[in-house]
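Colleague: First the structure, then my questions, so here it is.
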Amino acid sequence: MDNLTKLTALIYKVESLRYTPAGIPVLDIMLKHESWQEENGQKCLVSFEIPARILGKQAEEWQYRQDTMVEAEGFLAQRSKRFPRPILRIQNIKEYKG
């Protein structure tokens, strides 16, 4: 089964960098996306916010990049056992050049 998400979005909120007990850097961010999509032959405006998480070296690299437009790729997973809502677990992120 596939679970791959690719999204162009704005990093509009960045939490403080933290570390797992194993010493792995973790950065929680909030992404904001807005675009026009076609559905059933009609244009519709799609606008949403989604929480995302970056682990490892990329977490350290992106901790000061709020208000940056990015292309993010990863997979959707539940935030935790207590919070089943989806979060984008980012595996690859780069600045969007347009």
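The values are calculated or read from the model by the stated rules, or taken from the named source; none is laboratory data. In this text, all values refer to a predicted model and were calculated from it rather than measured experimentally. Here Cβ is always computed from backbone atoms with ideal geometry, including for glycine, and neighbour counts include all displayed protein chains. Surface areas here come from the heavy atoms of the whole protein model, side chains and all, with no ligands, DNA or RNA. Shrake-Rupley method; radii C 1.70, N 1.55, O 1.52, S 1.80 Å.
Colleague: How about region 78-89: which of its residues are free of Cβ contacts under 8 Å to residues at least 40 places away in the same chain and open to solvent by less than 80 Å² (accessible area, probe 1.4 Å)?
Modeller: Once the filter is applied, which keeps residues that are free of Cβ contacts under 8 Å to residues at least 40 places away in the same chain and open to solvent by less than 80 Å² (accessible area, probe 1.4 Å), region 78-89 yields S80, P86, I87, R89.
Colleague: For region 60-77, give me each residue that is part of a loop (DSSP other than H, G, I, E, B) and open to solvent by 80 Å² or more (accessible area, probe 1.4 Å).
Modeller: Selection gives Y64, Q66, D67.
Colleague: Among the residues of region 68-98, how many are under 14 Å from A9 (Cβ atoms) and of a type in the set (D, E, K, R)?
Modeller: Counting residues in region 68-98 that are under 14 Å from A9 (Cβ atoms) and of a type in the set (D, E, K, R) gives 4.
Colleague: Would you pick out the residues in region 36-78 that are basic (K, R) and closer than 24 Å to D2 by Cβ? Write out each step before concluding.
Modeller: First, pick out the residues of region 36-78 that are basic (K, R): 43, 53, 57, 65.
Passing the criteria: only R53.
Colleague: Here's another thing I want to ask about it. Can you pull out the strands (runs of 3 or more DSSP E) entirely within region 1-59 that have at least 2 residues that are of a type in the set (G, A, S), in contact (Cβ under 8 Å) with a residue 24 or more places away in the chain and open to solvent by 70 Å² or more (accessible area, probe 1.4 Å)?
Modeller: Of the strands (runs of 3 or more DSSP E) lying wholly inside region 1-59, none has at least 2 residues that are of a type in the set (G, A, S), in contact (Cβ under 8 Å) with a residue 24 or more places away in the chain and open to solvent by 70 Å² or more (accessible area, probe 1.4 Å).
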